[in-house]
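Chemist: Input: one structure, supplied below.
No lab work stands behind these numbers, since they all come straight from the coordinates. In this text, all values refer to a predicted model and were calculated from it rather than measured experimentally. Ideal geometry is used to build each Cβ from the backbone, glycine not excepted, and the neighbour counts take in all protein chains shown.
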Amino acid sequence: MAAELMPDVIVMDVSMPDLNGIDATRQITSAGSNGKTPKVIALSAHSDERMAGEMLAAGACGYVVKTSAFPELVEALSTIMAGKLYLSPSLPHVLENNGQAAESVGGSASRRLSPREREILQLLAEGKAMKEVASILNVSIKTVETHRRTMMSKLGLYSVAELTKYAIKEGVTSLEMPRR
């Protein structure tokens, strides 16, 4: 939709079903049509500095916690439209080294897994069956199984339950049930 509508700003929920806000932001900010890339501001229930850092690293210009008042969102929008970065005051340590996004601790999913592996990880962690994942991504079940095995090997995990726990811990998905 971003490529079709070409908005100036996108308010992105971090926890979405099928494609999380981090990966969606990465896709939007890397696609940039006709030299125009929309500014993305993350709106999240997570007051988590690691999650905010991941969103900024993916290309977001701001991060607002959902518990904030509406005037903070308005301030955030004004700030990013002025070409500046905005972070909720509840996230004081996200930035370091001259305003660069803080690196996440350890090997985060965004660095250890390919974009396709992250998509599959999110869908599996949300309870989708292999056949459903294959259908959603328009690939074969064998391809999904191969990606699952590769992820498990890369991460040193031995079950889908461990993959799910990893996905939640890394912010690839959340404990919230997706709205259907």
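Chemist: What is the local net charge at Leu77, summed over the other residues whose Cβ is closer than 13 Å to its Cβ (Lys, Arg +1; Asp, Glu -1)? Spell out each step's value before the answer.
Modeler: Numbers: positive: Lys39, Lys84; negative: Asp8, Glu72, Glu75.
Local net charge: -1.
Chemist: If each residue of separation counts as 0.36 nm, what is the full-extension length gain between Ser47 and Leu157 once their alpha-carbon separation is subtracted?
Modeler: Details: separation 110, 0.36 × 110 = 39.60 nm, distance 2.74 nm.
Fully extending the segment from Ser47 to Leu157 adds 36.9 nm.
Chemist: List every residue whose amide H lies under 5 Å from the amide H of Ala42, counting only residues 5 or more places away in sequence or on a different chain, with H placed 1.01 Å from N in the peptide plane.
Modeler: The list, which skips near neighbours in sequence, is Met12, Cys61, Gly62, Tyr63, Val64.
Chemist: Could you tally the net charge around Ala2, taking each other residue with its Cβ under 15 Å from the Cβ of Ala2, Lys/Arg +1 and Asp/Glu -1? Please list the in-between numbers first.
Modeler: On the way: positive: Arg26, Lys36, Lys39; negative: Glu4, Asp8, Asp13, Asp23.
Every neighbour counted, the sum reads -1.
Chemist: While we're here: Report the local net charge at Asp23: Lys and Arg +1, Asp and Glu -1, summed over other residues whose C-beta lies under 9 Å from its C-beta.
Modeler: For residues surrounding Asp23, the net value is +1.
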